[in-house]
Amino acid sequence: MTKNLKKPFPDGYMKRVLYVDLTNKKISSKPLDAKMAEIFFGGRGLGIAFLVKHFTELNHSGKYKNAFSEVDPFSADNVVIIATSPTTGTRMPTSGRIHMNYKSPLTGAYGSTNSGGKWGVSFKKNGWDVMIITGKSDKPVYLAVSPGGTVIEDAAPLAEDDAVEMRRKLKKKYSNRAQVLSIGAGGRNLVRFASVMSDTGKALGRGGGGAVWGSKNLYAILAVSDPAARIGVAHPEGFDPKIKNSAMYHAKNKMDMGKFTKQENMFGILASMGSLGILGMVNNYNQLIHNNMQDTLHDPTRLNRITGEALRNHYRDTGAGKEKIKVKKGACFNCPIVCKRHTTLYDEQGRIVEEGEGPEFESTTLMGANLSIYDLPTIIRANHLANRYGLDTISLGATIAAFFELYEKIEEKKDHLSSLEKQFMEETASFVRTHGEPGFGKKELLLPVIHLIGRGSGIGKQLGQGSYRFCRRYGHPEYSMSVKGSELPAYDPRTSFSQALCYEMNNRGGCHLEGGYTAPQAYCAGFNEWPAHRIEGTPLISKNATLKNTVLDIIGACAYGSFSLGLDEYAGLVNAVTDEEHNSGTLNRIAQRTVTLERMFNHLCGLTDEDDWLPDRFYKEPIETGEGKMICDRENFRRMHLEYYRSMGWDDRGIPTGVTVKDMELEDFVPSLD
């Protein structure tokens, strides 16, 4: 493969940025800055670069002393950035992903989320790399991106539709080829963990981006591309798996062998059972959360009702006269893993009552196992309802769990309540009268709670603030299982110290993806396996995981593929597209630059190293596992924090040093940190 030195811009880019000013109803475009593309590449990298640029320009406008901390996430001055990558829409496996950035209403700081599907491919084929949305419309609108141009349309006829129905109507109006991003009532009602939905069940889920759209009166963005449009790549032969030593040859061989990524006839976990196939494995290693992360103890008989095997075989194994679930496989753009599952729920008479995507592993755990609800039909109803409202199922399930535990703990001491606890009981009274007392294992409460949250009514209005604000309102923030205000996912941090550290260091708050996905490394990472409770060396393991997952977000690849492919394999695929000469080192450098700039954004928003801690529960309450009692030792974690900071080139307060800012070529991208 010979590098073409004559090209001023790498292949794979469309070299244009689409700007939408909702306040002034103005559409414009600018060339993508070549230097920005060079040092941030795409996806999450370009997203944080444009995010910082927007808030820096607000500072320069004189309207704010520090726009980063002063701008309300629901104000017109917040921004939405949607970025693709040079590899988006190419033959690189899982290359359909997009990244979205904004100031998060859930954390008050860095907002970041990622989704698969096909929208990004259609958007890019219209000639765009990035979309930047500013201002606020005075009425509901949606955007239509097509070869004929981009227009702002009246969304009043869609104002009462859920996210899935809105998609259906827009596809009917424009084209069945139209790809749609949409919000539901959760976004319109400013639920702080509202999602932007892609297709019928994929989501730009974390951090409340759907609520930012709702605050701008932006209800949907559809993209229709010319089917003949092509995205240029430098070396198409690099994607021919039949050519020995091509990038795709190496990638395919590894994916065909990986435990997560190999095909069903080779007993691949994801191909066989979708992401829910992970549940049993996670539970076998005592990591599966339970009852708001109080423990990881599940009755095996009950848990087996909600595993990947149970979902796959539900229709076959369920007797006559009972609700049944039929499952169909699905995949995102150019994905050989095929982890998506479309589910249809039939009632006792065989009539279809629910139909849609999911549930995924995280959704099933947070709205099932973590609530002691072990009933697949109930979980499927809850999952589809969350998709229609446009709600992040991780934050949704975790917030409901906090609600249930808070009620149980306050009820236990009801004769000696503080004023805030009395307020809680008063504000919960209507729910109790109508639906019964909140508590774990009560599947009949799940759908009513979701309805209240999505509609922003009753106790749902407070729950829609997220678990941290909800629990703090009543004097008990300790029952919020969150970091930086963002709820934790399905892996208990006491069972994997590397995952715990990644939760703490993640710039968008509690998350197993952007900060590094290390929980399974104790048992399914091949030669990369790492002891779950080791301290020495864990900060470097967590740092490397952070950088690896950041690379995936930058190049637009799915995390599941990375269980088989290393960064050198991804670099080969990237080079086949761009004609550049990347390797794992250069990709890691772009990732470290990205993470560092995100950290600087959070610092400017007012976050400090005190926000880099798990809830007290994990340092005070041990859990029983097969290896005995496990707990996170605060002093050990304090030392790991310092080692992690220093490995990233940050000072002992977690602030990037001047040397690091210069070395990462970030001097022109942020205002002074003084």
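The values are calculated or read from the model by the stated rules, or taken from the named source; none is laboratory data. Everything quoted here is computed from the prediction, not taken from an experiment. Quick reminder, even Gly has a Cβ in these numbers, built from the backbone with ideal geometry, and neighbours come from all protein chains shown. Please note that ligands, DNA and RNA were not included when accessible areas were found on the heavy atoms of the full protein model with its side chains. Shrake-Rupley method; radii C 1.70, N 1.55, O 1.52, S 1.80 Å.
Per-structure values
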item: VAL659/GLU237 FRET efficiency (R0 51 Å; Cβ-Cβ; nearest 0.05); result: 0.75
item: Mean Kyte hydropathy of -1.0 or more with a Cα span along the axis of at least 27 Å, helices from DSSP in the chain; result: 393-412, 584-605
item: Nitroxide proxy distance, nm - points 7 Å out along Cα→Cβ at GLU309 and ALA34; result: 5.8 nm
item: For region 258-378, radius of gyration divided by Kirkwood radius, i.e. Rg to Rh on alpha-carbons; result: 0.97
item: Solvent exposure, largest accessible area first (probe 1.4 Å, DNA, RNA and ligands not counted), of VAL432, VAL659; result: VAL659, VAL432
item: Å² per residue, accessible surface of the chain at 1.4 Å; result: 37 Å²
item: Partners for LYS63 among lysines (Cα-Cα distance below 16 Å; same-chain residues under 8 apart left out); result: LYS53
item: Candidates per chymotrypsin sites (Phe, Trp or Tyr not before Pro) in region 503-605, loop by DSSP, up to 16 other Cβ within 10 Å; result: TYR523
item: Cα-centred dipole magnitude for the chain, charges only on beta-carbon of K, R (+1) and D, E (-1), debye, nearest 20; result: 2040 debye
item: Full-extension gain in nm, SER647 to LEU540, via 0.36 nm per residue minus C-alpha separation; result: 37.8 nm
item: Distance from region 138-194 to region 361-391 (C-alpha centre basis), Å; result: 25 Å
item: Fraction of alpha-carbon pairs over 42 Å apart in the chain - percent; result: 19 percent
item: Computed lengthening from ASN265 to SER418, 0.36 nm per intervening residue step minus Cα-Cα distance; result: 49.1 nm
item: For region 323-357 versus region 232-284, the gap between their alpha-carbon centres in whole angstrom; result: 22 Å
item: Cβ-based net charge around ASP375, under 14 Å, with every Lys or Arg adding one and every Asp or Glu removing one; result: +3
item: Cα principal axis extents for region 168-247, largest first, Å; result: 54, 30, 20
item: Whole-angstrom gap from region 8-87 to region 440-456, using each part's C-alpha centre; result: 37 Å
item: Computed [θ] at 222 nm, deg cm²/dmol, the chain (DSSP H ≥ 4; -39,500 (n - 2.57); rounded to nearest 500); result: -11000 deg cm²/dmol
item: FRET efficiency for GLU165 and GLU624, using Cβ-Cβ distance with R0 set to 56 Å, rounded to 0.05; result: 0.75
item: Residue-span extension gain [GLU610 to SER430] - 0.36 nm each, minus C-alpha spacing; result: 61.1 nm
item: Cβ-Cβ FRET estimate between THR318 and GLU70, R0 fixed at 51 Å, reported to 0.05; result: 0.40
item: Cα-derived Rg to Rh of region 544-657, Kirkwood definition; result: 1.07
item: Accessible-area composition of the chain, carbon plus sulfur, in percent [1.4 Å probe]; result: 49 percent
